[in-house]
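The values are calculated or read from the model by the stated rules, or taken from the named source; none is laboratory data. Bear in mind that the values here come from a model prediction, so they are computed numbers and not experimental data. Note that each Cβ is placed from the backbone with ideal geometry, even for glycine, and that neighbours are counted across all protein chains shown.
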Amino acid sequence: MQEKTAQDRWERWTQRPLLALAVVFAVAYAVPIVDTSADHALTAACTGVEWVVWGAFAVDYGVRLALTPDRRLFVRTHWLDLCAVVLPMVQQLKLLRLVSTLLLVGRRARMASQIRMTTYVVGAVVGLLMFGSLAVLSVERESPDGNIRTLGDALWWSFTTMTTVGYGDHAPTTGLGRIIAVGLMLSGIALLGVVTANIAAWFIARFDKDDVQERAQTEAIRTLTEEVRALRADVAALREESQGALPPGPAPLSAHRPSR
């Protein structure tokens, strides 16, 4: 068995705490958007929590970079993590900070071998729906021409956008809101492709398994048929040998009766 490196042990030890911190980040991001009556102190506290959580992710990246034996290879193969750490330094791009957090959480979730693809897809769908709704609500609620005013409107718009249905009853009017819409549409198409590919792969594997079993059964029947034929030939040969080895029987009585 291959011995685990210090980097592997660190990632295993920090996996659950960082995922818990990601949930805290999501709550801190959502509270000022959902609760419009939040005062300045609460908003500042939530912002502080966001940056503290982000600092934990940045420290995690730095430790992993320090523990890896080949740092250049680590940067090349973990460029997504690097972008996610660097983007939040631009405070004006708050949406990118949110997106980069999602990228880091997804990256760490994929490292866990016990998380199955189905769980990851479901988590990605729920995460994109919630974060997309909050993001579009934060930029569209104050727009004079906007019609996404409540969290319910934002959730309905996110769902119809991700499924590429697009009823048109709610639509973003700001440039940033339309960028969010493009991201949700592309994400929805990608997730739909992943689900479709997994279902197709399952059916193909199922049919292949049935074909293998059918071929095995056919081969077993053919083998048994050949063995039965060989046994019949052996029995026939033994019968012929036994008949040829028997001594000749007595002559008929008519051949020994004297003539008168």
Is there a residue in region 245-260 that is out of contact with any His (no Cβ under 6 Å at 6 or more places or on another chain) and at pLDDT 75 or above?
-> no
By residue number, the members of region 33-77 that are under 24 Å from Trp13 (Cα atoms), assigned to a helix (DSSP H, G or I) and polar (S, T, N, Q) are Thr77
If His170 satisfies every condition in (1) under 19 Å from Val126 (Cα atoms); (2) crowded, with 16+ Cβ neighbours inside 10 Å but one, which is the exception?
-> (1)
Can you pull out the residues in region 24-45 that are among the aliphatic types (A, V, I, L, M) and within 21 Å of Val136 (Cβ to Cβ)?
-> Ala26, Val27, Ala28, Ala30, Val31, Ile33, Val34, Ala38
Within region 21-60, restricting to residues that are charged (D, E, K, R) and crowded, with 19+ Cβ neighbours inside 10 Å, the one that is modelled with the lowest pLDDT is Glu50
Can you tell me how many residues in region 1-17 are modelled with pLDDT under 80 and surrounded by 13 or more Cβ atoms within 10 Å (Cβ to Cβ)?
-> 4
Would you check which residues across region 135-183 are over 21 Å from Pro32 (Cβ atoms) and part of a helix (DSSP H, G or I) and list them?
-> Trp156, Phe159, Thr160, Thr161, Met162, Gly175, Arg178, Ala181, Val182, Gly183
